[in-house]
Amino acid sequence: MYSFKQILFTTILLGFFVGVNAQDWDSLRADLEKDYYQGLRLRSKVRLFISSYGAISKEMDSLNQAISNFDSLTVVKASAIIENYGWPGKSMVGEIANKSVFYAIQHADLEIMKKYYEALKESVKTGESDPWDFALLTDRILIDSNKPQMYGTQYYFDEEVGQYFFYPIENIREANRMRRKVGMQPLKKYAKRNNIVISDTSLQSASN
């Protein structure tokens with residue numbers, strides 16, 4: 001449920017979109033790009049905080065709250081843009097701002113992700129958004145719906161063993177085929193690069 005601050009922010013944005021001109025779009029692009037880098041800075045601290053303080057710690061709780069506050073504002077902004085103009089493609093706002101909108105929706109709740117899923121799909125079809133963004137959003141929706149993921153992009157940290165693990169993947173071999181199709185590296189390489197564990201059973205069916 002949106003807070004009064006979020007509703008007010010949405011109202012301001014909707015007013016901004018009336019009669020928007022090129023200069024306004026430049027301002028919006030700059031704002032989205034600022035969000036992109038701020039989000040990266042916040043999330044880049046996650047692994048460091050986990051290794052330094054543990055996944056269950058006051059420091060991690062504080063970081064998670066900061067990320068949650070940030071996400072709650074960016075999703076309102078992204079939603080207002082999509083509602084008025086559709087998914088903002090690279091030719092409209094540039095690559096970084098386009099990615100900023102994607103991250104805002106990807107980190108939203110399930111209802112929001114599902115609401116704009118088709119909009120991203122169409123943007124990818126026209127070459128206005130990256131296909132791996134569609135893969136990431138697909139997997140996030142599946143995992144949040146308690147279903148196995150298709151591409152193998154989602155993982156979690158197990159505090160008890162101190163290791164990252166993939167959420168369940170529907171079919172490892174098929175996941176690798178789909179990853180190649182959208183320009184992503186094979187699961188084994190992705191797992192090694194990010195220090196993520198794949199079970200022995202999963203490895204037996206994974207292609208190299």
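Ratio of Rg to Rh for the range 53-162: 1.01 [Cα atoms; Kirkwood radius as inverse mean 1/r over pairs]. The packing ranking of peptides 29-41, 67-79, highest mean first, is 67-79, 29-41, where packing means the average number of other beta carbon atoms within 10 angstrom of each residue.
Under a 5 Å amide H cut-off, with hydrogens placed 1.01 Å from N, residue 130 pairs with nothing among residues at least 5 apart or on other chains. Placing pseudo-labels 7 Å out from each Cα toward the beta carbon at residue 195 and residue 174 gives an inter-label distance of 3.3 nm.
Measuring from a point 7 Å past the Cα of residue 110 along Cα-to-C-beta, which residues in the range 131-155 have an amide N at less than 11 Å? Once the point is set 7 Å along Cα→Cβ of residue 110, 141-147 turn out to lie under 11 Å by backbone N, inside the range 131-155. Each residue was assigned an accessible area with a 1.4 Å probe, and for residue 83 the value is about 110 Å².
Calculated on the Cα set of the range 107-208, radius of gyration then Dmax: 14.0, 44 Å.
Label positions at residue 121 and residue 147, each projected 7 Å from the Cα along the C-beta direction, are separated by 1.1 nm.
Under 5 Å between amide hydrogens, built in the peptide plane, is the criterion, and for residue 155 it picks out 167 among residues at least 5 positions away or on other chains. Which ³J(HN,Hα) values in Hz, rounded to whole numbers, follow from the phi angles of the range 128-142 under the Karplus curve 6.51 cos²θ - 1.76 cosθ + 1.60, where θ = phi - 60° and Gly and Pro get x? Karplus values, whole Hz, x for Gly and Pro: 8, 9, 6, x, 6, 5, 5, 4, 5, 5, 4, 5, 4, 5, 4.
Taking 0.36 nm per residue of separation and subtracting the current Cα-Cα distance, fully stretching the chain between residue 182 and residue 27 would add 52.7 nm.
Normalising the average separation of contacting C-alpha pairs (under 8 angstrom, six or more residues apart) by the number of residues puts the relative contact order of the range 70-208 at 16 percent.
The values are calculated or read from the model by the stated rules, or taken from the named source; none is laboratory data. Since this is a predicted model, take the numbers as computed values, not measurements. Methodologically, a virtual Cβ is constructed for each residue, glycine included, from the backbone with ideal geometry; neighbour enumeration extends over all protein chains shown. Calculation scope for accessible area: heavy atoms of the full protein, side chains included, ligands and nucleic acids excluded. Shrake-Rupley method; radii C 1.70, N 1.55, O 1.52, S 1.80 Å.
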